[in-house]
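Worksheet for the structure shown next.
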Amino acid sequence: MILFSLLRAKELKSRMVNFLQKSNWSLSSCKIGKTRPTLEECMRWKESFEKLLSNKHGLIAFTDFLVSEFSEENIAFYFACEDFRSTKSAAKLATKAQRIYDEFICTDAPREVNIDHETRDITRANLKDPSTSCFDMAQHRIYLLMAKDCYPRFLRSPAYKDHISQLCAKCTSTSKKA
């Protein structure tokens, strides 16, 4: 049911987990170290939600956008599920599952994600005997929500458009110097 293969999801998780653990968000420049995304990279983000998430700069820019929209819980939940899925210890599964449920799924959770009651009920039932797939349905719903709602808004956002304009202007000025 999940759109990503496990390997792809692990790759995305490893890129995002450090960003989600930081309490001070300052990602508006999309700068990682001394590198910035190229115009070509930014234009690829428009091709698909998958391409956006698979690019480290794209993931940062999208997360920054979600923070500005007060909906960063979606990406945080998605990657919490990816981290949970990689849990090897059966003893840790129940504890981690309960923590994710309490933070994102239960009614009035501090970072409650927007899922329907049926998905919430199925996820709650899955916690009685937790497995690495107990959040699959909820994670899939949140992925689709981000892909169909947040992603198009991100592409229409002034921040994304301004970023593209700045990169275009930089490319134009560089080509004029050559």
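The values are calculated or read from the model by the stated rules, or taken from the named source; none is laboratory data. Values in this document were obtained by computation on a predicted structure and should not be read as measured data. Note that we place each Cβ from the backbone using ideal geometry, even for glycine, and neighbour counts take in every protein chain shown. Side chains are part of the model used for accessible areas, which takes the heavy atoms of the whole protein and leaves out ligands, DNA and RNA. Shrake-Rupley method; radii C 1.70, N 1.55, O 1.52, S 1.80 Å.
For segment 139-161, the condition holds for at least one residue, the condition being that it is assigned to a helix (DSSP H, G or I), open to solvent by 80 Å² or more (accessible area, probe 1.4 Å), without any contact (Cβ under 8 Å) to a residue 40 or more places away in the chain and more than 16 Å from Phe49 (Cβ to Cβ).
Does Thr87 qualify as being touching a helix residue (DSSP H, G or I) at 6+ places or on another chain (Cβ under 6 Å), within 26 Å of Glu50 (Cα to Cα) and surrounded by fewer than 18 Cβ atoms within 10 Å (Cβ to Cβ)? When the stated conditions are applied, Thr87 passes them. If you go through segment 52-79 and keep only what is part of a helix (DSSP H, G or I), over 14 Å from Tyr160 (Cβ atoms) and not aliphatic (A, V, I, L, M), you end up with Ser54, Lys56, Glu73, Asn74, Phe77, Tyr78, Phe79. When Met16, Met43 are screened for being open to solvent by less than 20 Å² (accessible area, probe 1.4 Å), assigned to a helix (DSSP H, G or I) and at pLDDT 50 or above, only Met16 passes. When segment 52-78 is filtered for residues that are open to solvent by 20 Å² or more (accessible area, probe 1.4 Å) and within 17 Å of Ile100 (Cβ to Cβ), the ones remaining, listed by number, are Glu72, Glu73.
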